[in-house]
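Read-outs throughout are calculated quantities, based only on the coordinates presented, and are distinct from any laboratory measurement. For clarity, every value in this text was computed on a predicted model and none was experimentally measured. Ideal geometry is used to build each Cβ from the backbone, glycine not excepted, and the neighbour counts take in all protein chains shown.
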């Protein structure tokens with residue numbers, strides 16, 4: 001009986017992974033805007049051993065739950081090169097709100113960038129490179 005329950009739980013776990021694209025989303029950090037209207041979230045998006053862990057940044061309204069999918073402002077990975085890593089293996093990113101509607105994203109210059117938007121709704125985003 002216990003074996004059947006364990007097999008069922010394992011099946012549900014893998015079904016959930018398949019339904020979510022097989023990728024794990026892990027929060028790394030978040031900062032709330034000075035006016036508390038927005039929050040910027042750094043999270044790792046890891047799709048397993050065949051791909052490197054990617055760092056994503058999303059800007060969300062303060063009360064909104066998430067993120068679940070791809071970053072809406074910034075996405076980068078190591079590009080299989082020497083890039084400073086965060087606690088969960090993705091490129092290290094630092095976020096700073098410089099005003100209620102302006103976010104600064106500081107990232108390693110050698111990270112392989114897939115998305116680097118400069119606006120998200122009413123928020124302006126600047127990207128600053130640091131060596132690495």
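By count of other Cβ within 10 Å, fewest leading, how are 95, 60, 129 ordered? Please report the intermediate quantities before stating the final value.
Working: 95 21, 60 17, 129 13.
Fewest-to-most Cβ neighbours within 10 Å comes out as 129, 60, 95.
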So if each residue of separation counts as 0.36 nm, and I subtract the Cα-Cα distance between residue 118 and residue 98, what length gain in nm does that give?
5.8 nm
With label points built 7 Å along Cα→Cβ from the Cα atoms of residue 65 and residue 128, find their separation and express it in nm.
3.5 nm
